[in-house]
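Everything below concerns the one structure shown next.
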Amino acid sequence: MTNMPTEASAVKTFLLFVLFMFLAVVVIALAIVLGEKGTWYFAWLVGTVMIVLIAAAGGALLDTQDEQAEAECDRGHETH
Amino acid sequence: MENYVILQVIWWLLLGILLMGLAIMVGMDMGVGAILRYVGRTDIERRVALNIIGPHWDGNQVWFVLGGGAIFAAFPLVYATAFSGFYVVMLLLLWTMILRPVGFEYRSKLLSPAWRNLWDWALFISGFVPMLVFGAAFGNLFMGVPFHFEWNMTSFYTGSFLGLLNPFAILCGLLAVALAAYMGSVTIMNGAEGVMFERARGLARTMAIAAVILFAAGGLWVANIGGFQIISGPGAGVAQTPLQQVVSHGSASWLANYRVYPLLWLLPITGFFGMLSGLLAAWARRSHLAWWLGALAWIGVIGTAGAALFPFMLPSSSTPSQSLTIWNSSSSELTLTWMLGFALVFVPLIVWYTSWAFYVMRGKVLEEEVASDEHAY
Amino acid sequence: MIDPTVVDLSRTQFAVTVLYHFLFVPLTLGLSFLLAAMETVYVVTGKVIYKQMAQFWGKLFMINFALGVATGLTMEFEFGTNWSFYSGFVGDIFGAPLAIEGLMAFFMESTFVGLMIFGWDRLRKGQHLAVTYLVALGSNLSALWILIANGFMQDPRGAVFDPTTMRMQLTSFTQLIFSPDAQAKFVHTSIAGYVTAALFVAGVSAWYMLRKRHLELARRSFRMAVLFGVLATMGVITLGDALGFVGAHAQPTKLAAMEGLWKSESAPMAWNVIAFPSQQAQKNVGVIQIPYVLSLLATHSLYGTVPGMLELEKRAARRIQNGIPAIEALQTLSKHPRDAAAMAQFKAHEKDLGFGFLLQRYAPNVATATPVQIRQAARDAIPEVSVVFWSFRIMVGLGLAMLAFFVLGVIYTMRNVVQDRPWFLKTAVWMIPIPFIACEMGWLVAEVGRQPWTVFEILPTWMSASTHSVGYLVFSLIGFVLLYTVFIIIEMYLMVRAIRQGPESHGSGGGHRNVTTTHGGLPRPTLALQPSSSALQRSNREE
C-alpha cells in the first residue's frame, strides 16, 4: 500500500491544493456576506453539528477505503 | 418596591442554600483530602479513598464556583469588598484549592512513592486549609471587618492579614474542618470496606464530638460579644449605597433576631441534632444515614449563623455605618429577577443529574479494581 | 487615588493568569467535540478502534482539563481580589453571566466529565455518548457565558449608570446576551478551540505515523482531525472578520490600533501589511501597504472609511471636557442623593462620565483640570498600538498558515497517502504550538486593544483595581508565577509521557465495582487480568 510521491502526483497535489484553497476562500467570503446579518449563535449550532458529523463521516470513510483496498488486493492475488 | 424586597430576601436565602451545598459537597471532598493520610496507610488504600470521590469531586467543586458567582451577581458589593479585603486569606484559599484538581488528576500518573507522598500532602493541605479559611471567613462576619468607602464607592481595607485569624475566627474555622472531616469519614465508610471502614468510623465519632463542642463554644462566644444594629437608613427595597445609613456596633446582641423570632432556635437545634444523631448512625455503621445527618448538621450550623447576622452581609468594624447589608449591597431588581429565573430552572436540574451521577457510580470501591485500572486516580 | 504601580501590577497579574488559563481552555473546547465525534463513529459502526481513540484522547483531555479547571478558579477570584472597584461598579451586569455560567454550563461539564471517564462500563453505549456530548456542550456553554460577560466590557449594551446606587445597572438582559460583539466573539473563540484541538490531534497522530506506531489509531485520528480542523479554520477566519467588522463600529480605537491607522484617510483605504508604529511620534515607520484592502476589511465596502487615531484622540479630548460636569454632579449626588439640580446636570452629561473618570487620573479634582492634563488623559484613550498591531498580524498569519496546512492535510488523508509524506508529518508535529500562540495573540488583541478601559468608554482601567499596597501585589504575583511554573512543568511532562506511552488497552471504571446487573443480579467483575498485565508491561518498559 506504500505510495511514494512522484513528479506527477506532486503536481496533482499542488493543483488540488490551489483548488481547495480557492474554494475555502470563496466559502469564507460567502459566509462573511451572509454573516452581516449576524445571527452567529445559530451559526455556531449548525456549524458545530456539521463539523462533528463531517469529521465522523471522514473517519468512517477511512474504514471503507481500507476495506476496498483490501478487496482489490485480494482480487489482484486471484488474477495472478 | 415590594417585589424588590422579596427578591432580595429570596436571593439571600438562595445564597444560604448555595453555601450549604458548598459546605456539604465540597466539604465532603475536602474532608476526604484532610483525612486521606490517616484512613489510608498504604498507597492502594489512599487510591481507594481518592476513587470513592473520584467521579464526583469535579462536579462538587462547582458548588464553590457557583457560590462565588452568585455572590458576585446578587451582592456585587459584598463580593468586591470581601474578596479584596481578605486578599491574603483569599489567595491562601485559592492556592490551596487549585492544588486539588491537579493533585487528583496527576497523583497516580507516576509510580514513584515520593511523588505520590508529596501529592498526598498537597491533598491534605488542599482539604484542611480551605475549610479552615471558609469557617474563619464566617467567623469574621460576627467580629466585623475594618473597611470603608470613598464617595464613589472605592473600598479601602484597613486591617492586617493576621487580624483575620483572630481566636473566634479560628474556632469557626475548626468547626468547619471538623464537620468536613466528619463528612469525609462517612463518605469513606460509604465506599470502602474492612480496615479503612473501621478507621473512618472511629474518626467520624471523634469529629462529630469535636463539632458539637466547637458549635456550642461558638454559640456561647457569640452570645457574649456585641452585635451590629441598623439605627436608621433608607430601608429595605430602596436603591441605595452604604453611605446613607447609621449602624451601631456593640450595643445590640447578635441574638436579637432569636429573641424576636423564637422559632429560629430550631436552627441550632437542627445543627446539634444532626451532629449527635450522625454520631450514633456512624457508630451503628449506618454510613448513608450518617451522611444525610451530617448534611443536616451543616444546614443547621450555616442557618444558625445566617439567622443571627440577618440583614448584615459584611459588617464594618472600623466604620459601622458603612456595613454591607442585604438592602444596600444587592443587585438591581431586574438582575435578581433574571437570575432567579435561571436558578429556578437550573438548580433542580443540577440536583437531578448530580443524583443520577452518584446513582451510576454507586457501590463500593475495590482495591484490586483500582490497581488494575489506568483511569483510576 | 490608587497607586499606579498597583494598577500596573494588577494588570500584569491578570494577564499572566488569564493567558495561562487560556493555554488550556481552547483544547478543552475543541477536544471535547472531537472526542464526541470519535465516539459517535464507535456507536454508529460498532468498531472498537473508535472507542480506543475516544479513550486515549480522553486521557490526554483530562491531563489538560485538570489545569483548565484549577486556573479557572483563579479567574473567578481575581475580579474580586484585584478589581474590586470594577466588580462593584458592573457586578449588577457582569456577575450575572458568570453565575449563569456556573448554573448552566460548568456544573454540567464537571459532573459529566466524571461519568465520561469513569462510566465506560457502567453506562450503555448511547448513554455514554450522550454524556460525552454534554461535556462538550457544557464546556462550550461555559465559554459562551464568559464571553457574554467579556462582550459587555468591549461593547457595553443593556446597562446604564445609576447615580443613586453609584454603579452600572442592567436595563435589558436580551441586549446583553445578544450583543453582536458577544455573538461573534463566542463563535470565534469556541471554533478557535476546535482548531487548536484539531491540530493537537493531527500533530500527535503524525508523530505516531512517523514512528510507525499505533497506525490504526493515528490514521483515523488524523483524518478526523484535519477534516474537523479545515472547517473550523474557515469558521475562525470568517468570525475573525465579523469581529473586526463589529469592532469597527463599537471600538474605533481598537480597530485603528490593530491597523496602525494614525491619520484618517479617504476611501479606499490601504492596508498596512507591515509597519512599525511609534506611540511617541504617533506615526508608522517602515510601512508596506496593499491598496483598497482596509476599506474592504473594516467596512465591507470600497467606499467606507474608519477614523484614525489622531482624530479619535481629538474626539476623546472633547468628551473629557464634557465629562467634567458629570463628575462634579456625581460628587454632589453621592452626598445628597435627592439633589434635583445635580441630577439634571448629571443627566445632561452622563454619556461622557467615563471620560471624566479618565481625566481624574491626572486631575483628581476635575474642576481645576488644566488643558495639559486634559491632553494627557486624551492621549491615554489610544491603546498601545504596536502590541495590538503585531499580535493581530501574528494571529492572522498563523490562522492562514493553519488553513493551508489543513487543506493539504485533507488532500493527503483523503487520498490515503499521508503516512508516506514524512515532511508533512514532521511539519504537523511542529505545528502543534501554533494554534496556542494564535489564541494567546487573540486575547492580546481583544484586551490590550480595549485599553485604557475595562468597560469601554465607561470605566477606565486605572480606577478599576483594588486599593492594595504594592507589597500585596508583589507577594501574589510571585506566588502565582511559582505555582504556575511548577504546574506547567508537571503538565507538560505528564502529557508528553502519556503521548509516548501511547494508547494501550484501557480498563476503566475507576475501580468502582461494576453494577450493570446480570440476570442473577450479581455484580459482574469488569476487569480481568489482561489490563493489569499490560499495565505491568508498560511499567517495565518505562525502566
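The values are calculated or read from the model by the stated rules, or taken from the named source; none is laboratory data. Source: prediction; values computed, not measured. With ideal geometry, Cβ positions are generated from the backbone for all residues, glycine too; neighbour counts draw on all protein chains shown. Ligands, DNA and RNA are excluded from the accessible area calculation, which covers all protein heavy atoms including side chains. Shrake-Rupley method; radii C 1.70, N 1.55, O 1.52, S 1.80 Å.
Just give me the residues in region C:243-288 being in a helix (DSSP H, G or I), among the small types (Gly, Ala, Ser) and within 16 Å of C:Ser391 (Cβ to Cβ), in sequence order.
C:Gly244, C:Gly247, C:Ala256, C:Ala257
For region C:344-392, how many residues are outside any helix (DSSP H, G or I) and farther than 23 Å from C:Ala446 by Cα?
Selection size over region C:344-392: 7.
Hey, among C:Ser295, C:Ser221, C:Ser205, which residue is surrounded by fewer than 24 Cβ atoms within 10 Å (Cβ to Cβ), in contact with a Ser or Thr (Cβ under 9 Å, 6 or more places away or on another chain) and assigned to a helix (DSSP H, G or I)?
Values: C:Ser221 fails: surrounded by fewer than 24 Cβ atoms within 10 Å (Cβ to Cβ); C:Ser205 fails: surrounded by fewer than 24 Cβ atoms within 10 Å (Cβ to Cβ).
Result: C:Ser295 is the single residue among C:Ser295, C:Ser221, C:Ser205 that is surrounded by fewer than 24 Cβ atoms within 10 Å (Cβ to Cβ), in contact with a Ser or Thr (Cβ under 9 Å, 6 or more places away or on another chain) and assigned to a helix (DSSP H, G or I).
Of all residues in region C:304-318, count the ones that are farther than 18 Å from C:Ala257 by Cβ and either open to solvent by 70 Å² or more (accessible area, probe 1.4 Å) or of a type in the set (Asp, Glu) (or both). Walk me through it before giving the result.
Start the filter on region C:304-318 by keeping residues that are farther than 18 Å from C:Ala257 by Cβ, which leaves C:304, C:318.
Then drop every residue that is not either open to solvent by 70 Å² or more (accessible area, probe 1.4 Å) or of a type in the set (Asp, Glu) (or both), which leaves C:318.
Here the count works out to 1.
Looking at region B:168-203 only, could you name the residues that are over 21 Å from B:Leu22 (Cβ atoms), open to solvent by less than 40 Å² (accessible area, probe 1.4 Å) and assigned to a helix (DSSP H, G or I)?
Within region B:168-203, B:Phe168, B:Met189, B:Gly191, B:Met196, B:Phe197, B:Ala200, B:Arg201, B:Gly202, B:Leu203 meet the criteria.
Is it true that some residue in region B:252-271 is assigned to a strand (DSSP E or B), open to solvent by 30 Å² or more (accessible area, probe 1.4 Å) and either basic (Lys, Arg) or within 18 Å of B:Pro315 (Cβ to Cβ) (or both)?
Checked region B:252-271: no residue is assigned to a strand (DSSP E or B), open to solvent by 30 Å² or more (accessible area, probe 1.4 Å) and either basic (Lys, Arg) or within 18 Å of B:Pro315 (Cβ to Cβ) (or both).
List the number of the failed condition for B:Met153; all other conditions in (1) touching a helix residue (DSSP H, G or I) at 6+ places or on another chain (Cβ under 7 Å); (2) on the phi < 0 side of the Ramachandran plot; (3) touching a residue at least 60 places away in the same chain (Cβ under 8 Å) hold.
For B:Met153, the exception is condition (2).
In region C:234-271, what residues are surrounded by fewer than 24 Cβ atoms within 10 Å (Cβ to Cβ) and either among the aromatic types (Phe, Trp, Tyr) or without any contact (Cβ under 8 Å) to a residue 12 or more places away in the chain (or both)?
The answer is C:Phe245, C:His249, C:Trp262, C:Trp271.
Restricting to region C:51-78, name every residue that is among the hydrophobic types (A, V, I, L, M, F, W, C) and within 7 Å of chain B (Cβ to nearest Cβ).
Correct list: C:Met62, C:Ile63, C:Ala66, C:Leu67, C:Val69, C:Ala70, C:Leu73, C:Phe77.
Which residue is least open to solvent (accessible area, probe 1.4 Å), if the candidates are limited to region C:172-199 and must be in contact (Cβ under 8 Å) with a residue 12 or more places away in the chain and outside any helix (DSSP H, G or I)?
Step by step, filter region C:172-199, then rank; the result is C:Ser179.
Provide a single number: the residues in region B:352-374 that are open to solvent by 20 Å² or more (accessible area, probe 1.4 Å), at pLDDT below 75 and not acidic (Asp, Glu).
Total meeting the criteria: 1.
As an exercise: evaluate C:Ala326 against (1) in contact with a strand residue (DSSP E or B) (Cβ under 7 Å, 6 or more places away or on another chain); (2) buried (at least 18 other Cβ atoms within 10 Å of the Cβ) and give the number of the one condition it does not meet.
(1)
Cβ-Cβ below 7 Å, separation at least six or inter-chain, first residue in region B:23-41 and open to solvent by less than 10 Å² (accessible area, probe 1.4 Å), second not in a helix (DSSP H, G or I): which pairs?
As it stands, the answer is none, since no pair meets every condition given.
One line per residue, one yes/no per condition, for (1) without any contact (Cβ under 8 Å) to a residue 40 or more places away in the chain; (2) among the polar types (S, T, N, Q):
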position	(1), (2)
C:Ala275	no, no
C:Asn284	yes, yes
C:Gln289	yes, yes
C:Leu296	yes, no
C:Thr299	no, yes
C:Leu302	yes, no
C:Glu311	no, no
C:Arg318	yes, no
C:Ile327	yes, no
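Right, B:Leu132: open to solvent by 10 Å² or more (accessible area, probe 1.4 Å), assigned to a helix (DSSP H, G or I) and touching a Pro at 6+ places or on another chain (Cβ under 7 Å) or not?
Judged against the criteria, B:Leu132 is not a match.
Mind checking which residues of region B:135-151 are crowded, with 21+ Cβ neighbours inside 10 Å and not hydrophobic (A, V, I, L, M, F, W, C)?
B:Gly135, B:Gly139, B:Asn140, B:Gly144
Based on this model, can you work out whether C:Thr461 counts as polar (S, T, N, Q) and open to solvent by 30 Å² or more (accessible area, probe 1.4 Å)?
no
Against the condition part of a loop (DSSP other than H, G, I, E, B), outside the structural domain of C:Gly354 (by TED's automatic domain parsing) and under 25 Å from B:Phe72 (Cβ atoms), how does C:Arg157 come out, does it pass?
For C:Arg157, the condition - part of a loop (DSSP other than H, G, I, E, B), outside the structural domain of C:Gly354 (by TED's automatic domain parsing) and under 25 Å from B:Phe72 (Cβ atoms) - is met.
Can you tell me how many residues within region A:37-52 are within 7 Å of another protein chain (Cβ to nearest Cβ) and modelled with pLDDT under 75?
1
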